[in-house]
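J.: Structure in structure tokens, see below.
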Amino acid sequence: MSELGKTELDITAQQIFSPILIPASFVYRLIADVRNKLFDLGVLKSLSVSLPVICVGNVSVGGNGKTPFTRFLATNLQDKGARPAILLRGYGGSSVSPRLVKDSDRSSLVGDEALMYVNSLADTPVVVAKDRVAGAKFIEEQAIADLIVLDDGLQHRRLKRDFNFVLVDVSDQKARADWANPRCLPAGRMREAVDSALRRADAVVFTNRSAGRIAGKSEDSSAFTEPKNLRRLPPGLPAFDFVLNPGKLLKLDGGSSIPLSEFQGQDVIALTAIAKPGVFFRMLDDLGLRLRQRVGRRDHHQFTVDEIEALGVQSEGCPIIVTEKDAVKLSQLPIEKDNIFVLELSADLKSEEQKSQLFSLLDSLVSARTSHPSRSLPLRKTSIDH
């Protein structure tokens, strides 16, 4: 039995009705272009805070790897002597005013992504705020960080930022085709014109979810090279390659990790509520797991006890595999958890040279934007080959 997530059903509908939706996409793009121009001219104001703001955003809707890349940035910035805080909207949560997220908070209050950050980044403050300007000022006034990593803020131009990362998913041919021939919503998946977003970018990050290295298969070498050939980047714009690989399986009930090899060739049920469930399903396929059932829910879906218990009955003892994002919601439900396993992802730039180049860029930013030299990141300066 297979069930597509709502996001992927939306994409299928786009493909079917695309010719009809093209006029609406033209209007959507026109509105986005006018709004961006008003910000560029200063008619609409961007508000500043005293802290450096690093934005992680994307042009297309959903599933571009923002959460793992934001976590990667925060971890490495902290390791290099900075005190970052993550600021996000808290999508799916009811909290409106700026809130410092605690691990005891419910996902229905702060959103699943915020809890995922808190659970995996013990020493990094996480703040949710519907109004990101208010959230940035909250971080500033509470003195809980010396720089802000803004999650999903590329189109939120009311908050002025010092560095924009634009993420582009290149995990499969469909994603690369969207990059080569972009259309704005509702006929396509773009939130704004790609060229407009790239003009505001300080760096582009191509993200690729691959199970090839773990499964002993050759990696798709075209994943990173093809997109760069399909669309010319603005001169001098740095580009980085970000790889997400399967790590290990963890028991949801807090038990020890399980080697992926123990599940190869075994029947499992894949359950997820992310933007691109198909990517998760394909990753499990590539790992050699036999997916008896694929259950995809809409991104940020709040699971219920009845829903999980019904799936448990249907599974007839088959292990249920979920993502880390799903785990933060499932762990808060009063359900049997001993048969649910979480697939962790390992994430890194493609090479140490790229990592050195990226953090050299950010070191220059933090040094320039803070009045205390001790706050700069202790990185070796590296020139970037554009």
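J.: Which value, in debye to the nearest 20, gives the size of the charge dipole of the chain about its Cα centre, when Lys and Arg are +1 and Asp and Glu are -1 at the Cβ?
T.: Numbers: 51 positive and 48 negative charges, 292 e Å.
Dipole magnitude for the chain comes out near 1400 debye.
J.: Tell me which residues come under 5 Å, amide H to amide H, from V205 once H is placed; ignore anything under 5 positions away on its chain.
T.: Result for V205 returns V166, L167, V168, F240.
J.: Now, a different point. With runs of 4+ DSSP H residues as the only contributors, calculate the mean residue ellipticity of the chain at 222 nm using -39,500 (n - 2.57) per run, divided by the residue total and rounded to the nearest 500.
T.: Numbers: 13 runs with 148 residues, N = 386.
That comes out to -11500 deg cm²/dmol.
J.: Can I ask one more? Toward the positive end of the charge dipole of the chain, about the Cα centre and with charges on Cβ (Lys, Arg +1; Asp, Glu -1), which of S346, S46, L358 goes farthest?
T.: Value computed over the given set: S46.
J.: Counting other beta carbons within 10 Å of each residue's own, what order do L115, L73 fall into, fewest first?
T.: Numbers: L115 28, L73 22.
Least crowded to most crowded, the residues run L73, L115.
J.: Further question on the same structure: Suppose we keep just the alpha-carbon trace of the chain; what are its Rg and Dmax in angstrom?
T.: 20.8, 61
J.: Each label point is 7 Å from the Cα along the Cα-to-Cβ direction; what then is the distance between the points at K37 and H156, in nm?
T.: 2.7 nm
J.: Multiply the residue gap between F26 and S261 by 0.36 nm, knock off their C-alpha separation, and tell me the result in nm, one decimal place.
T.: On the way: separation 235, 0.36 × 235 = 84.60 nm, distance 4.90 nm.
Contour length minus Cα-Cα distance gives 79.7 nm.
J.: Quick check on the exposure proxy: order T75, T207 from fewest to most C-beta atoms within 10 angstrom. All intermediate terms of the calculation are to be shown ahead of the outcome.
T.: On the way: T75 16, T207 25.
Fewest to most other Cβ atoms nearby, the residues stand as T75, T207.
J.: When the chain is fully extended, how far beyond the present Cα-Cα distance does K45 get from D285, taking 0.36 nm per residue of separation?
T.: Values: separation 240, 0.36 × 240 = 86.40 nm, distance 4.79 nm.
Extra length from K45 to D285 when fully extended: 81.6 nm.
J.: With 23 Å as the limit, write out which pairs from K37/K174; K37/K66; K66/K130 have Cα-Cα distances beyond it, or answer none. Display every interim value, and only then the final one.
T.: Details: K37/K174 30 Å; K37/K66 25 Å; K66/K130 18 Å.
Correct reply: K37/K174; K37/K66.
J.: Here's something else I'd like to know. What is the calculated FRET efficiency for K350 to S120, with r their C-beta to C-beta distance and R₀ = 35 Å, to the nearest 0.05? Could you put the intermediate results ahead of the total?
T.: Working: r = 22 Å, r/R0 = 0.63.
After rounding, the FRET efficiency stands at 0.95.
J.: If packing is taken as the mean number of other Cβ atoms within 10 Å per residue, what is the order of 315-323, 251-259, 277-285, highest first?
T.: Values: 315-323: 18.3, 251-259: 12.2, 277-285: 21.1.
Per-residue mean Cβ counts within 10 Å order the peptides as 277-285, 315-323, 251-259.
J.: Rounded to whole Hz and in sequence order, give me ³J(HN,Hα) for region 139-145 from the Karplus expression 6.51 cos²θ - 1.76 cosθ + 1.60, θ = phi - 60°, writing x for Gly and Pro.
T.: So the J values, rounded to whole Hz, are 4, 5, 5, 7, 6, 9, 7.
J.: With a 10 Å radius around each residue's Cβ, average the other Cβ atoms per peptide and rank 82-95, 260-273, highest first.
T.: Numbers: 82-95: 22.2, 260-273: 17.7.
In decreasing order of mean packing, 82-95, 260-273 become 82-95, 260-273.
J.: Based on the mean of other Cβ atoms within 10 Å per residue, sort peptides 41-51, 125-135, 185-195 so the most packed one is first. The partial results should precede the final answer.
T.: On the way: 41-51: 12.7, 125-135: 21.6, 185-195: 19.6.
So the peptides 41-51, 125-135, 185-195, ranked by packing, come out 125-135, 185-195, 41-51.
J.: Still on this structure, please answer the following. In region 219-328, with Lys and Arg counted as +1 and Asp and Glu as -1 at Cβ, which of these residues, I274, Q314, L252, has the Cα nearest the positive end of the dipole, that is, farthest along it?
T.: The Cα lying farthest towards the positive end belongs to I274.
J.: Can you find, among I86, A177, L100, the residue farthest towards the positive end of the dipole of region 67-188? Put +1 on the C-beta of Lys and Arg, -1 on that of Asp and Glu.
T.: Projecting each Cα onto the dipole axis, the largest value belongs to A177.
J.: Right, another one. Mind computing the radius of gyration and Dmax over the alpha-carbon atoms of region 274-322? Å is fine for both.
T.: 11.5, 31
Computed from the coordinates by the stated procedures, all read-outs in this text should not be read as laboratory data. Quantities reported herein were computed from a predicted structural model and do not represent experimental measurements. Positions of Cβ are generated from backbone atoms using ideal geometry, with glycine treated the same way; all protein chains shown enter the neighbour counts.
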